[in-house]
Amino acid sequence: MRLGILPCQGACNVGNMTSKVALKYVDNERINMVCALGLPLGIENIIKMAKINDKFIALNGCPIKCASKTLDKIGITEYEEIVLTSDFGIEKNKNFKDESNMDKVEQKVEEIIKSFFHDQI
C-alpha cells in the first residue's frame with residue numbers, strides 16, 4: 001500500500017506550508033511526494049510514478065485547489081482533500097515564513113495517514 005501526497009507548492013505562505021507538511025511525512029516507501037508540475041505537463045514517467053500510489057492526499061493551500069485540479073487532470077479523482085485556508089482558517093499572504101496553524105495541518109495529515117495504514121507513523 002502506498003500513499004501519494006501532492007502539495008500545491010504555491011507562491012504564498014499556505015503553498016509553502018503544504019510543501020513543508022508533505023516533506024515531513026514522505027519516506028519514499030509507503031508515502032511518496034507527487035510532482036505538482038510534471039502531472040499537468042503530461043510528463044509520462046511522472047504520471048506513471050504518481051499512479052503507483054493506492055491513495056492520495058491533495059494538499060491545497062487555498063480555494064483555487066491547484067493540487068486537487070492537478071490530480072483531476074490525470075484522471076485521479078479519489079483523494080483526501082485538504083485546503084489550508086478554509087479547513088484551518090489560515091489567511092493566505094506573501095509572508096513565506098508565516099507558519100501559523102501548521103501544526104493543525106500536520107495533525108490532519110497524520111490522521112489521514114493513520115487511517116490509511118491502520119497503524120502509527
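Bear in mind that the values in this text are calculations on the coordinates, not laboratory data. Given the structure is predicted, the values throughout are model-derived calculations rather than measurements. Because the Cβ atoms are built from the backbone with ideal geometry, glycine has one as well, and the counts that use them run over all protein chains shown.
Summary table
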quantity	calculated
20 °C / 1.002 mPa s Stokes-Einstein diffusion coefficient of region 1-52, Kirkwood radius on C-alpha pairs, µm²/s	188
Computed over the chain: relative contact order in percent, which uses C-alpha pairs under 8 Å that are six or more apart	30
Selected from Leu37, Leu59, Leu71 as most flexible by GNM, with the chain as the system and alpha-carbon contacts under 10 Å	Leu37
Value at 222 nm in deg cm²/dmol, rounded to 500, when DSSP H runs of n ≥ 4 in the chain each add -39,500 (n - 2.57)	-12000 deg cm²/dmol
Residue among Val14, Gly38, Asn101 farthest towards the positive dipole end of the chain, charges placed on Cβ	Gly38
Flagged links, alpha-carbon separation over 25 Å, of Lys55/Lys104; Lys20/Lys108; Lys55/Lys92; Lys51/Lys108; Lys20/Lys55	Lys55/Lys92
Gaussian network model of the chain, Cα within-10 Å springs - most flexible of Lys20, Lys65, Lys94	Lys94
Fewest-first sequence of Thr70, Thr77, Thr18 by Cβ atoms within 10 Å of each Cβ	Thr77, Thr70, Thr18
